[in-house]
Protein chains: 2
Amino acid sequence: MNQTIDTMRAHRSIRSYTDDPIPQTHIDEAMLAGQAAASSSAVQPYCVIRVTDNDKRQQIADLAGPQQKIRDCPAFFLICCDLRKHMLIVERSGNEYKTGLEAFLVGAVDASLFAQNFTLAFEALGYGTCYIGGLRNDLPKVNELLNLPDGVLPLYGLCVGVPNESPSHRPRLAPKAMLFENEYPSDEHTLASIDAYDEMYKEYLIERGANPATWSESIAKKFSYANREGLADFYESKGAKLS
Amino acid sequence: MNQTIDTMRAHRSIRSYTDDPIPQTHIDEAMLAGQAAASSSAVQPYCVIRVTDNDKRQQIADLAGPQQKIRDCPAFFLICCDLRKHMLIVERSGNEYKTGLEAFLVGAVDASLFAQNFTLAFEALGYGTCYIGGLRNDLPKVNELLNLPDGVLPLYGLCVGVPNESPSHRPRLAPKAMLFENEYPSDEHTLASIDAYDEMYKEYLIERGANPATWSESIAKKFSYANREGLADFYESKGAKLS
């Protein structure tokens, strides 16, 4: 057995926490572990904003759902793509900052390599975590609350705390539906993998006492309408370029 | 000490490998660990293509640099944002697939949460790894070589193998330049952090026998011209929507 792999496989999103605070030493450890992740040419195009202000937390919790766990968790972090430090450096050098989708993509990717290490470090220290995409419901408001300057682009949040629940593991698509050799499989193969997963997913929902939809049903619903349409305009208004 | 955190902190990109093959059981373990990472509403918008075909590997190695390590590594994986399975499900349900930047962003983020677990699992098993952004030099060619259908969007590669080198650790920006509380710091704070890092970075390059530029110099150069300009058009031609 391998402790690192066991820690990864033990992951479930934890949405309820005890009141135990998180010592600063644990946050420091998680930061160093997070920052040890690879970054494309070491550009380190991300930053983290810990939200400790109660009023700001409350407002983020509201716009993201509302989601009670954002109010309650002992530590809440906002993970951002950070192009600002590059902008300042280029400006100081007397050149003009040039950007495009490449910079935004590297920002989202490197922020997420960081975030997964950061999250796993907390889990290795005994905490539970939950990523929060819901704050993309209203990024202009998040931006205003935290007074983020140009180039700092909020991506998602992260709740951390000592677990106060022990949910079951949500099943995943089979590895053979995710890992291929030299080419992508036929649509028939893909749909057969989805059908097999649908059965497993329904069982999981029944076990949790949730409405027993299949995964396909939820995916079909989710991608039959455009979601969070203002996102690109918002990021572009903050200095990203997506074309 | 914590094995998981130690494994993360031990990371350096490894660019030279022994000929030892990677047993399938290790790849299976790394897949399960990778897939255990969080995915937004369990949409699992990613896939992995292992490239074992020598000719395809050779051509990817060429277009990405050339980069000898892509030819030489015992295992080479392409990490993709995968919207295709969602497209097929929506189509089968009789609706029209709707997408936007949100879906692409979630794809890039969830692929990277997966990829960091996948990578760390290999490292925990004793392998060295190197992410490969260079293949974004020519994604249409990568796409053609692997015959990727609409909705499958290559992001980056990953080389894995038993290390045949032991490079030093590339220093990172100080945590206080990356983690803030309730607001982003002043430009003066940011530039002071950068100046401190520049000194450290130069030392690191001198130690490695490399040309002793500062980090700022490399950033100023990198972001004074637009990089990989065809990226957005390529992804849109494959069914993504970035607006």
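Just so it is clear, none of the values below were taken in a lab; they were calculated from the coordinates. Please read all numbers here as calculations on a predicted model, not as lab measurements. For neighbour counting, all protein chains shown are included, and Cβ atoms are generated from backbone atoms with ideal geometry for every residue, glycine included.
Among the trypsin sites (Lys or Arg not before Pro) within segment A:144-243, which fall in a DSSP loop and have no more than 15 other Cβ atoms within 10 Å of their own Cβ? Provide the component values of the computation, followed by the final result.
Details: sites: A:Arg172, A:Lys176, A:Lys202, A:Arg208, A:Lys221, A:Lys222, A:Arg228, A:Lys238, A:Lys241; in loops: A:Arg172, A:Arg208, A:Arg228, A:Lys238, A:Lys241.
Listed in order of number, the matching sites are A:Arg208.
Of all the options A:Glu199, A:Glu207, A:Glu188, the one that moves most in a Gaussian network model of chain A with Cα springs shorter than 10 angstrom is A:Glu188. Phi angles of segment B:115-132 translate, via the Karplus equation with coefficients 6.51, -1.76, 1.60 and θ = phi - 60°, into HN-Hα couplings of 4, 5, 5, 4, 4, 5, 4, 4, 5, 5, 8, x, 8, x, 9, 8, 5, 10 Hz per residue; Gly and Pro are given as x. The amide H of B:Thr129, built 1.01 Å from its N in the peptide plane, has B:Ile14 as neighbours under 5 Å, considering only residues 5 or more places off or on other chains.
Which of rounded, prolate, oblate describes segment A:170-234, given a ≥ b ≥ c as roots of the alpha-carbon gyration tensor eigenvalues and a/c under 1.5 marking rounded, otherwise prolate only if a/b is larger than b/c?
Numbers: a/c = 2.23, a/b = 1.09, b/c = 2.05.
Judged from the Cα gyration tensor, segment A:170-234 comes out oblate (a/c at least 1.5, b/c at or above a/b).
Once R0 is set to 25 Å, what does the formula 1/(1 + (r/R0)^6) return for the Cβ-Cβ distance between B:Tyr225 and A:Asp233, expressed as a FRET efficiency to the nearest 0.05?
Calculated transfer efficiency: 0.50.
Only Lys, Arg, Asp and Glu carry charge here, each on its Cβ (+1 for the first two, -1 for the last two); on that basis the protein assembly as shown has a dipole of about 120 debye about its Cα centre.
Across the identical copies, the 7 Å label point of B:Asn54, projected outward along Cα→Cβ, sits 6.9 nm from its counterparts, in ascending order.
In order along segment A:81-93, phi translates into HN-Hα couplings of 6, 10, 9, 4, 4, 5, 4, 5, 5, 5, 4, 4, 7 Hz, rounded to whole numbers, per the Karplus curve 6.51 cos²θ - 1.76 cosθ + 1.60 with θ = phi - 60° and x for Gly and Pro. Which of rounded, prolate or oblate describes the protein assembly as shown when judged by the alpha-carbon gyration tensor and an a/c cut-off of 1.5? Here the protein assembly as shown falls in the rounded category. Farthest towards the positive end of the charge dipole of segment A:122-243, among the residues A:Gly133, A:Trp215, A:Ala192, is the Cα of A:Gly133, using unit charges on the Cβ of Lys, Arg, Asp and Glu.
Each other copy holds its own label point for B:Ile206; taking that point as 7 Å from Cα along Cα to Cβ, the gaps run 6.9 nm, nearest first.
Once you average over the residues of B:118-129, how many Cβ atoms of partner chains fall within 10 Å of each Cβ?
Details: counts 3, 5, 11, 5, 1, 1, 7, 3, 1, 0, 0, 1.
Partner-chain Cβ atoms within 10 Å, mean over residues of B:118-129: 3.
How would segment B:3-167 be classified by its alpha-carbon gyration tensor: rounded, prolate or oblate, with rounded meaning a/c under 1.5 and the a/b versus b/c comparison settling the rest? In terms of gyration-tensor shape, oblate. Placing a label point 7 Å from Cα along the Cα-to-Cβ direction at A:Ala226 gives distances to the equivalent points in the other copies of 2.3 nm, listed shortest first.
Give a residue-ordered list of calculated ³J(HN,Hα) values for segment B:39-55 (Karplus: 6.51 cos²θ - 1.76 cosθ + 1.60, θ = phi - 60°; whole Hz; x for Gly, Pro). Couplings: 9, 3, 6, 6, 6, 6, x, 8, 8, 10, 10, 7, 9, 9, 5, 4, 5 Hz. Partner shielding of A:226-234 amounts to 5, given as the average count of beta-carbon atoms from other chains within 10 Å of each residue beta-carbon.
Among B:Leu101, A:Leu120, sorting on how many other beta-carbon atoms sit within 10 Å of each Cβ, with the fewest leading, yields B:Leu101, A:Leu120.
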